Amino acid sequence: LRGGRASRSSQAVAAYRAMLERPSTPGGDAGAQARMTRGMRPAGGEKLREHLVVRTRFFDGQVLAAIAAGITQVVILGAGYDDRPLRFAAPRVRFFELDQASTQAGKRRRLQRIGGDLGSIALVAADFRTDDAARALASAGHDASAASLFVCEGLLVYLDEAANVTLLRQLRDCAAPASRLAASLAIHPDGEDSEQVKASANAIRRNAASEPWLTILPASGQRELVARAGWEILEEGPQLRGMLCVVAGPA
Ligand SMILES: C[S@@+](CC[C@H](N)C(=O)[O-])C[C@H]1O[C@@H](n2cnc3c(N)ncnc32)[C@H](O)[C@@H]1O
């Protein structure tokens, strides 16, 4: 994110997500996303909306599956205005949310305004281009010896390839054996030029100047990047026009 403002793209996706029918845990707050995003402008593009429906279902399912499997740490990278710590609140489960300081400050204000329980959420300011995510997590009380679910939804496209590998390696460094990484990856058809694909995509994006897309690869390139960072893909989720979702475990 350039310019020190709260992320606009995270507001647009969260405001759109507030319009979707979604599950919640018995003690969770199913209305939190709508209250948190009051006044925000929802994402408007048809393709993005289609992606959001599919990827929201995928990531909601991953969080619920992790909680059902006994994982007690859910780490959301580039969390923006994600409501999952409130929607999926569960006994003994701690949520860690990492994002840039400006977005975290806006998120904290909104959570306080809607009376969100900040006790079970660690809001951590980190810039993945310069900060070590594992170190930031440790200082927020993350236990690297216990399994975690790491969620990278709509994030990795905003980091360049080197920063993608660095971040995923840092997560690998604090991932106990039963941990899982759930990530959405931006892809393009084989044979197309990645630089041209990015340039054409950014040319028509509303927030491209402040939040450019930096990593779009063929699916094989994304799989190779995940492997290079020390993760083994265990399952591939939905893949549709430009997006592949994966679940990985520590290699
Ligand atoms: C499209 S939003 C997605 C937000 C959230 N994951 C969701 O799906 O609702 C991308 C998020 O990544 C964050 N982000 C982008 N670059 C980042 C960086 N270098 N360090 C930390 N967070 C970053 C933005 O601030 C923003 O909240």
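Any read-out appearing in this document is the output of simple, stated calculations on the displayed coordinates, not a laboratory observation. Note that the structure is a prediction, hence the values are computed from the model and not measured. Using ideal geometry, Cβ is built from the backbone for each residue, glycine included, and neighbour counts are taken over all protein chains shown.
Values for this structure:
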| read-out | value |
| --- | --- |
| Among Ala14, Ala186, Ala65: highest mean-square fluctuation, GNM of the chain, C-alpha pairs under 10 Å | Ala65 |
| Separation of alpha-carbon centers, segment 82-109 and segment 2-61, rounded to whole Å | 13 |
| Per-residue Cβ neighbour rank within 10 angstrom, fewest leading, Glu195, Glu211 | Glu195, Glu211 |
| Reference-scaled alpha-carbon Rg (2.2 N^0.38 Å with N residues) for segment 132-251 | 1.09 |
| In nm, spacing of pseudo-spin labels at Ser194 and Arg92 (7 Å Cα→C-beta vector) | 4.1 |
| Simple label model, 7 Å out from Cα along Cβ direction - Arg108 to Glu236, nm | 4.1 |
| MRE, 222 nm, helices only [DSSP H, n ≥ 4, -39500 (n - 2.57), over the chain, to nearest 500] | -11500 deg cm²/dmol |
| Per residue, the convex hull volume that the Cα atoms of the chain enclose (Å³) | 113 |
| Selected from Gly80, Gly44, Gly237 as most flexible by GNM, with the chain as the system and alpha-carbon contacts under 10 Å | Gly44 |
| 10 °C / 1.306 mPa s Stokes-Einstein diffusion coefficient of segment 1-137, Kirkwood radius on C-alpha pairs, µm²/s | 104 |
| Residue order, fewest to most beta carbons within 10 Å, for Ser24, Ser139, Ser10, Ser120 | Ser139, Ser120, Ser24, Ser10 |
| Shape parameters for segment 149-193, alpha-carbon atoms, Rg then Dmax in Å | 12.3, 37 |
| Volume of the Cα convex hull of segment 167-230, divided per residue and given in Å³ | 102 |
| Coil-residue GluC sites (Glu not before Pro) of segment 7-79, DSSP, other Cβ within 10 Å capped at 13 | Glu21 |
| Candidates per trypsin sites (Lys or Arg not before Pro) in segment 1-74, loop by DSSP, up to 14 other Cβ within 10 Å | Arg2, Arg5, Arg38 |
| Highest-MSF residue in the chain out of Ile76, Ile67, Ile114 [GNM, Cα springs under 10 Å] | Ile114 |
| Residues Met19, Met243, Met40 arranged by fewest to most Cβ contacts within 10 Å | Met19, Met40, Met243 |
| FRET efficiency estimate (nearest 0.05) - Cβ-Cβ, Asp131 to Ala209, R0 25 angstrom | 0.60 |
| Relative intensity, log₁₀ I(q)/I(0), of segment 84-190 from a Debye sum that treats every alpha carbon as a point, q = 0.11, 0.17, 0.20 Å⁻¹ | -0.37, -0.88, -1.19 |
